[in-house]
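These notes are about the structure you will find just below.
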Amino acid sequence: MQNRTMTELEKAISRMQALRDDVRANMHHAGLEELVEWQKLEPETVDVELYSSRPDELRARVERLLDRLSKLRTSLSLNELAM
């Protein structure tokens, strides 16, 4: 059970890292609101490794970051279309 949980968590972290990298690559489309959100969000994506010894806290943190990164990527995509 714990191995499956860790594998799922590793996959979620991998998705978060990929999404973070995608957002970072598209920040040239960012408006002021997105830049402010990114400045708050990016350090949190790096700090996620600090929670590796507490899987429950890590899972919750990764899920919140995935949600925020997804919203930021969507916002960046809308900005790109408006240009």
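The values are calculated or read from the model by the stated rules, or taken from the named source; none is laboratory data. Just so you know, these numbers come straight off a predicted model, no measurement behind them. Cβ placement follows ideal geometry from the backbone for every residue including glycine, while neighbour counts extend to all protein chains displayed.
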Task: Complete set of residues in region 52-83 that are surrounded by 17 or more Cβ atoms within 10 Å (Cβ to Cβ) and of a type in the set (Val, Ile, Thr) - done: Val62
Open item on the list: Restricting to region 63-83, name every residue that is over 17 Å from Arg20 (Cβ atoms) and touching a residue at least 12 places away in the same chain (Cβ under 8 Å).
Closed with: Asn79, Glu80, Met83
Task: Search result, residues across region 8-55 that are of a type in the set (S, T, N, Q) and under 12 Å from Leu72 (Cα atoms) - done: Asn26, Gln39
Task: Odd one out for Ala60 among (1) touching a residue at least 24 places away in the same chain (Cβ under 8 Å); (2) within 18 Å of Arg4 (Cα to Cα) - done: (1)
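Quick grid of which residues meet (1) surrounded by 11 or more Cβ atoms within 10 Å (Cβ to Cβ); (2) aliphatic (A, V, I, L, M); (3) within 15 Å of Ser70 (Cβ to Cβ):
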site	(1), (2), (3)
Thr7	no, no, no
Arg20	yes, no, yes
His28	no, no, no
Glu33	yes, no, no
Trp38	yes, no, yes
Open item on the list: One residue is enough: does region 41-58 have a residue meeting the conditions in a loop (DSSP other than H, G, I, E, B), of a type in the set (Ser, Thr, Tyr), out of contact with any Pro (no Cβ under 8 Å at 6 or more places or on another chain) and at pLDDT below 90?
Closed with: yes
Task: Residues being under 24 Å from Leu81 (Cα atoms) and free of Cβ contacts under 8 Å to residues at least 24 places away in the same chain - total across region 1-39 - done: 9
